[in-house]
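The values are calculated or read from the model by the stated rules, or taken from the named source; none is laboratory data. As the structure is a prediction and not an experimental result, all values here were calculated from the model. Heads up, the Cβs are rebuilt from the backbone with ideal geometry, glycines too, and the neighbour counts pull from every protein chain shown. Quick note on the areas: whole protein, heavy atoms, side chains included, nothing else; ligands and nucleic acids left out. Shrake-Rupley method; radii C 1.70, N 1.55, O 1.52, S 1.80 Å.
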Amino acid sequence: MECIFCKIATKKIASKIVFEDDEYIAFNDIKPQAPVHVIIIPKKHIDSLNYIEKEDNALIGGLLNIAKKIAYDQGVSETGYRTVINCNKDAGQEVFHIHLHLIGGRKMSWPPG
Ligand code: 5GP
Ligand code: ZN
């Protein structure tokens, strides 16, 4: 069965899209943890960070470039933001299609919970 983020990428499931091009789509998290909480994914399905290959380097790096652009568009470039890729259960990964969280708009603590 197709994964939930593949379905978002192909518009079978609706989402609030904030950025899209041929390779990527970014949309608001359905359960935002901060005023800005965007999920950025490659349209190519990769289960998790454990499965990236060297040939994916540019694709994975591109997630950060998009995060930078969205952070600017949403006004958190100067105040600050966090980018997170959760991998497997200790990190709390729920959706097994690699994605970058862009979180901002409030003060965050470190270390993370
Ligand atoms: P993970 O825990 O895997 O790193 O993050 C998955 C994220 O995807 C969670 O923050 C969750 O709220 C979000 N999410 C799960 N299902 C959907 C959905 O159908 N639509 C949207 N917009 N976000 C989702
Ligand atoms: Zn997928």
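From the set of residues in segment 1-41 that are touching a residue at least 60 places away in the same chain (Cβ under 8 Å), within 14 Å of ligand 2 (Cβ to nearest atom) and open to solvent by less than 80 Å² (accessible area, probe 1.4 Å), which is farthest from the chain's Cα centre (by Cα)?
By that ranking, first place goes to 3.
Here is a check on your reading of the model: is residue 51 closer than 18 Å to residue 6 by Cβ, at pLDDT 95 or above and over 12 Å from the mean Cα position of the chain (by Cα)? Walk me through how you get there before you give the answer.
Numbers: closer than 18 Å to residue 6 by Cβ: yes; at pLDDT 95 or above: yes; over 12 Å from the mean Cα position of the chain (by Cα): yes.
Yes: the conditions hold for residue 51.
Show the residue pairs that are 6+ apart or on different chains and have beta-carbon atoms under 6 Å apart, the first residue being within segment 55-82 and at pLDDT 95 or above, the second being part of a helix (DSSP H, G or I).
Listed by first residue and then by second, the contacts come to 77/71; 81/71.
Of these, 104, 62, which one is touching a helix residue (DSSP H, G or I) at 6+ places or on another chain (Cβ under 7 Å) and buried (at least 16 other Cβ atoms within 10 Å of the Cβ)? Don't jump to the end; show me each part of the working.
Values: 62 fails: touching a helix residue (DSSP H, G or I) at 6+ places or on another chain (Cβ under 7 Å).
Exactly one of 104, 62 is touching a helix residue (DSSP H, G or I) at 6+ places or on another chain (Cβ under 7 Å) and buried (at least 16 other Cβ atoms within 10 Å of the Cβ), namely 104.
Mind listing just one residue for me: the one in segment 85-99 that is closer than 16 Å to residue 51 by Cα and more than 9 Å from ligand 1 (Cβ to nearest atom) and, of those, least open to solvent (accessible area, probe 1.4 Å)?
Here the residue is 98.
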